[in-house]
1. Taking neighbour counts of Cβ atoms within 10 Å as a proxy for exposure, in what order, fewest first, do 345, 46 appear?
2. Taking only C-alpha pairs under 8 Å that are 6+ residues apart, what is the relative contact order of the chain in percent?
3. Hull surface divided by four, with the convex hull built on the Cα atoms of the chain: how many nm²?
4. In nm, to one decimal, how far is the modelled label at residue 267 from the one at residue 105, with both set 7 Å along Cα→Cβ?
5. Using amide H atoms built in the peptide plane, which far-off residues or other-chain residues are under 5 Å from residue 141 H to H?
6. Test of understanding: what is the full-extension gain from residue 11 to residue 250, defined as 0.36 nm times their sequence separation minus their Cα-Cα distance?
7. Highest mean first, what order results for 356-366, 379-389, 181-191 on Cβ atoms within 10 Å?
8. Tell me, which cysteines of the chain are without a disulfide-compatible partner by the Cβ under 4.7 Å rule?
Amino acid sequence: MSSSNPALPDRRAQVVAALLARVPAACVLFAPEDTRPYECDGLAAYRQLPMIVTLPTDEAQVLAILAVCRALNVPVVPRGAGTGLSGGALPIHDGVVLSTARMNAIKRVDHLARTAVVQPGVRNLAISEAAAIHGLYYAPDPSSQIACTIGGNVAENAGGVHCLKYGLTIHNVLRVRVATIEGDIVELGGGALDAPGLDLLAVFIGSEGMLGIVVEVTVKLVPKPALAQVIMASFADVVTAGNAVADVIAAGIIPAGLEMMDRTSVRMVEPFVKAGYDLDAAAILLCEADGTALEVAEEISRMSAVLARAGATAITVSQSEAERGRFWSGRKNAFPAAGRISPDYYCMDGTIPRKQLARVLAGIAAMEVTYGLRCSNVFHAGDGNMHPLILFDASVPGEFDRAEAFGAAILALCVEVGGTITGEHGVGMEKIGSMCVQFGRKELDAFFAVKHAFDPCALLNPDKAIPTPHRCAEFGKLHVHHGQVPFPELPRF
Ligand SMILES: Cc1cc2nc3c(=O)[nH]c(=O)nc-3n(C[C@H](O)[C@H](O)[C@H](O)COP(=O)(O)OP(=O)(O)OC[C@H]3O[C@@H](n4cnc5c(N)ncnc54)[C@H](O)[C@@H]3O)c2cc1C
């Protein structure tokens, strides 16, 4: 990257010198061999070596780094653990990556208030581990929870298996402390369930690092249920399984988790995890009930009846914690298991109304033929949050382009059936073109206006998540008259 920009070494030296005047040397990486681990996030198909990586250990250092970047007009890419799947933490060649991974202290667990105050680099699972002694846990559980940080979860409004019943990040965060690019510390939300004024906490959660740096988070904790059991139900075709999901919810049941895996996913994960999945099924559903022993028994019985009526060919209920864990381990390891059957995979993330599951799954099956690529489906069915994994081989010329086109077509279908182009992985770089399918120019301009209010110098994660008119024109979703795009003053990315 530096060879394509001869001025970069001078610029890097200038910014490094300014940073070293404000923060310890251990916080600043600039040699390519040190910055290489930060060149991508979980969307490894997109890579860019950053000019500099900074690793602050406290709020004062975050503010100092932001002050330098503001003064020298350097773009800043916030980063947590880098597990994001949409390229949100993808570096910018002449920018600074600001990683909050070293800010990983759990400041307080208040078991009476059922809250925890944590720094942004604390891993999602570490919060539940710290709260376990009080019989409490943090409910949103992305499958990456062993590694991903709460700062990244806030920025992506992360979800997980248990979010159907317990809500997404936005429903489980009370307060966020934010460092702004202008050098202020602001607190959004508060200790109580509501805060005075505009609900800026809701604006901030899911803003993908474009509005400020999360430096502290207060999360809600919930009591660990006394018991949980999971049903594994097999189906002879995905359409019947999709309809069964809608039936469970229509019956007035809110399961603690309701996930679907199709045959391709089951067969890729079973030899790896040995979860005991039905290899003959076209799709399996995992439906969890939690609560007291009585509540669980009643819900398991009701869900079993609904699933049987919907056409399940086999129903197995976990009989121990070990068996429950085994059923879930297959689901939680589905993404890594894709590596066993394909050199590369591309994970999509669209959300649709539940009743459209069967239609969209059938549409994806047809697209496998159109694009000549396999796709496995493993997803949060109860939330209608699809995760098609498009399998491809990047070393075969043209396959990555076809995988990208396949992904864009899936997202367009999600929009067509009344859904959205993302559920929990964010827009980042990956879905920026699809934003032009979902939103009109006026809506996109309103998003830019919100960003401008928080980040007037457009330095925080620029060129991500909100497409410029030029991008929509490139994506073919803007009418360009005589080569004139509206808002020519906006940067071309
Ligand atoms: C195997 C696997 C399974 C996954 N399963 C799920 C799942 O079930 N549910 C789900 O929601 N996601 C899932 N993900 C995606 C990912 O783990 C989440 O998006 C997670 O929230 C990212 O956290 P992170 O710390 O890795 O953030 P990063 O990837 O480092 O960053 C993500 C975004 O947050 C911004 N950001 C990070 N830290 C801060 C901060 N301190 N202040 C401001 N902005 C910040 C970045 O700029 C970027 O835009 C999965 C990923 C993998 C690899």
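No value in this document is a laboratory result; all are computed from the given coordinates. None of the values given here were measured: they were computed from a predicted structure. Because the Cβ atoms are built from the backbone with ideal geometry, glycine has one as well, and the counts that use them run over all protein chains shown.
1. Details: 345 22, 46 15.
In increasing order of surrounding Cβ atoms, one gets 46, 345.
2. Result for the chain is 13 percent.
3. Value for the chain: 23.8 nm².
4. For residue 267 paired with residue 105, the spin-label model returns 5.3 nm.
5. Close amide H contacts, sequence-distant or interchain: 160, 161, 162, 163.
6. On the way: separation 239, 0.36 × 239 = 86.04 nm, distance 5.92 nm.
That works out to 80.1 nm of additional length.
7. Details: 356-366: 18.6, 379-389: 25.5, 181-191: 15.3.
Ranking, from highest mean packing down: 379-389, 356-366, 181-191.
8. So, 27, 40, 69, 148, 163, 287, 347, 375, 414, 457.
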